[in-house]
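S.K.: Got a structure here, written out as structure tokens. Questions coming.
The values are calculated or read from the model by the stated rules, or taken from the named source; none is laboratory data. What you see is a predicted model; the values in this text were computed from it and never measured. Cβ coordinates were reconstructed from backbone atoms using ideal geometry, including for glycine residues, and neighbour counts include every protein chain displayed. Protein only, heavy atoms only, side chains kept; ligands, DNA and RNA dropped before computing areas. Shrake-Rupley method; radii C 1.70, N 1.55, O 1.52, S 1.80 Å.
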Amino acid sequence: MPPPDNDDTQLEDDAASQPISVPDSGDAGESGKLKMIISLLKKCLGVKDIASMRLSLPASLLEPIPNLEYWHYLDRPDLFAAINDSDDPFERMLAVLRFTFSKDLKFIRGKVCKPYNSVLGEHFRSHWDVLPVEYPSDPTAPPIQHLYLTPPAAESSYSSLALTPAQAPRVSVSETASLSGRSVKSGKSGASGLSLASRATSTAGKSTPATSPSLGEMNLDADMSNLNLADDASEVTELVEADDSPNAKGKQRVRIAFLTEQVSHHPPVSAYYAKCASRHVELAGIDQISAKVSGTTLRIVPGSYNQGLFVKLTGGPGAGETYHITHPIGSVNGMFRGSFYITMGEATIIECTGGNDDEEQLRAIIEYKEESWIGKAHFLVEGVIHTYKPGETQHEEWTRVKHVPRSRILATFDGSWKHKIRWKRVNAPSSEYATLIDLSTLHVIPKSVRSLEKQLPDESRKLWDNVTTRLQAKEYGEATRHKLAIEQRQRDEAAERKRKGIQFVPKYFESDYEAGQPTLTKAGRLALEEELQEDIVYPLEDSSTPSTPSTP
């Protein structure tokens, strides 16, 4: 979660005013970027909410990816699709926990970066076709995943300060790797994947890894905003896809479609919706952050409209259930050293409602352990799954593990949110710890995006194409010029709305988003359905018939 530049956040109130600029140092190297970052931090010191500032960053500090494409919480869509696989409510809660730990995998595999700031009315859509997880004979073992995996990392590598690119195993992603579905063991850079991203030529089932931050961007030749000041060659880790396994050939995949739109610019707010029709799982929410420089860190908290993620089960075993997942507090550390890493604080609460409201419901607490300000970060978590009675309110005050009465606890879990999480039942006579999820084996699964020729002018990749192309060519001055042109056009449109006395109306989402759960308009429902019907490369599950979880 990088420092947001939030260009023109006052647009709707004062279209004529100019943003505060961070001067370009003229040095495109790491030292020049660090000087610009220090300049930015000086402007942010003492500011209550950086999201309210109107800052304009040089393009050389930006990652060549639109903000709406970067934020989607579907880094592992296979785990999202698996939430509704089990008839057991407890197993469904375990599945939601796995999804929660994996939804921001980019912060483990990728680096701290600043995507383009979204403009009002901009939207992005994509989809994933993934092999569904399979379930081993051992009921306590985690599901078997197939796509974008690597061997488990050693415990020590994920219980210390965040790895710089020089320390971390690299996953080399080439055009062949992303399109053929074969495993990768190559020292070549992802330049071919980069060229694909620049023209947005991906089709259904043929993803562009250069715009999936943790894979393509880890070692791109045009690595614009790698602010860790070390970038030498290192070990290449084998990346395995299921298509290498004879058992995976011909298996049906599940499709997950995603749509998001920038619905407000003051404050900056976006709405998003995702749907896996064949597994009857949907995801919705509002994105808005508040950021403040505190000491030597950037502290990021959810904005007032950001109530968390809402996972809805519209059919199947968990029909009628909604899982409300709150956001933790994030901090970007190491800013004055130029070696950024992210830590999490406080807690995430997952609360299940709906389904059979006459019975006790399940709730989970993920508590992020406080890091010492001296020594190394360990990224530790602990948590519980507990019951609560619908209609009562006492559980709303249980925000830490210690608050939950022992009689209510069904299971405990602990570990590192950058590595392995283990769990066990508390009252089972022979309960032993089992692996909930090993995040060190997982990489971000690239998305499929329609070609530029099929996109509307306000779709993210088409809107920012000139900036992206120049950044990838390291033409920073031209990239900044095109970026400023987009910003000026937005100011002009805001001034025209103000002159006419009209308000901006989102196209794909209803304007009322204060409850944190966005509602799709008719156009939004159509756009999502169109994405679900995009060209099919792999055989897909039929969403009109009930799905059955896969077994090995």
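S.K.: Working with all protein chains in place, sort Glu487, Glu510, Glu91, Glu432 by solvent-accessible area computed with a 1.4 Å probe, largest first. Before the final figure, lay out each step's value.
M.R.: Details: Glu487 5, Glu510 90, Glu91 50, Glu432 145 Å².
These residues rank, largest area first, as Glu432, Glu510, Glu91, Glu487.
S.K.: Just the number, please: carbon plus sulfur as a percent of the accessible area of segment 427-487, 1.4 Å probe, no ligands or DNA/RNA counted.
M.R.: 52 percent
S.K.: Also, I was wondering about something else. So for each of 322-329, 424-431 I average, over its residues, the number of other beta carbons within 10 Å; can you give me the resulting order with the highest mean first?
M.R.: 322-329, 424-431
S.K.: Let me ask you something else. Can you give me the accessible area per residue for segment 460-514, using a 1.4 Å probe, in Å²?
M.R.: With all protein chains present, segment 460-514 gives 57 Å² per residue.
S.K.: In nm, to one decimal, how far is the Arg489 label point from the Val505 one, both placed 7 Å along Cα→Cβ?
M.R.: Result for the modelled spin labels: 2.3 nm.
S.K.: Using the alpha-carbon centroid of each, what span in Å lies between segment 272-308 and segment 112-130?
M.R.: Segment 272-308 and segment 112-130 have Cα centres spaced 13 Å from each other.
S.K.: Using a 1.4 Å probe and ignoring any ligands, DNA or RNA, find the accessible area of Thr100 and quote it in Å² to the nearest 10.
M.R.: 10 Å²
S.K.: Taking the Cα-to-Cβ direction at Glu478 and at Ala154 and moving 7 Å from each Cα, how far apart do the two end points lie in nm?
M.R.: 4.6 nm
S.K.: Further, regarding this structure: Can you tell me the order of 249-255, 124-130 when each peptide is scored by its average per-residue count of other Cβ atoms within 10 angstrom, highest first?
M.R.: The packing order, highest mean first, is 124-130, 249-255.
S.K.: Of Gln394, Val381, Ile350, which is farthest along the charge dipole of segment 340-416 in the positive direction, counting Lys and Arg as +1 and Asp and Glu as -1 at C-beta?
M.R.: Of Gln394, Val381, Ile350, it is Val381.
S.K.: Could you tell me whether segment 59-113 comes out rounded, prolate or oblate from its Cα gyration tensor? Rule is a ≥ b ≥ c as square roots of the eigenvalues, rounded for a/c under 1.5, then prolate if a/b exceeds b/c, otherwise oblate.
M.R.: prolate
S.K.: Order Thr297, Thr399, most accessible first, counting only protein heavy atoms with a 1.4 angstrom probe.
M.R.: Accessible-area ranking of Thr297, Thr399, largest first: Thr399, Thr297.
S.K.: Moving on. Sticking with the crude label model, points 7 Å out along Cα→Cβ, report the distance from Glu530 to Asp458 in nm, one decimal please.
M.R.: The answer from the label model is 1.3 nm.
S.K.: Could you list, in their original order, any pairs among Lys312/Lys447; Lys106/Lys498; Lys447/Lys507; Lys292/Lys312; Lys275/Lys483 whose Cα atoms are separated by more than 30 Å?
M.R.: Pairs exceeding 30 Å: Lys106/Lys498; Lys292/Lys312; Lys275/Lys483.
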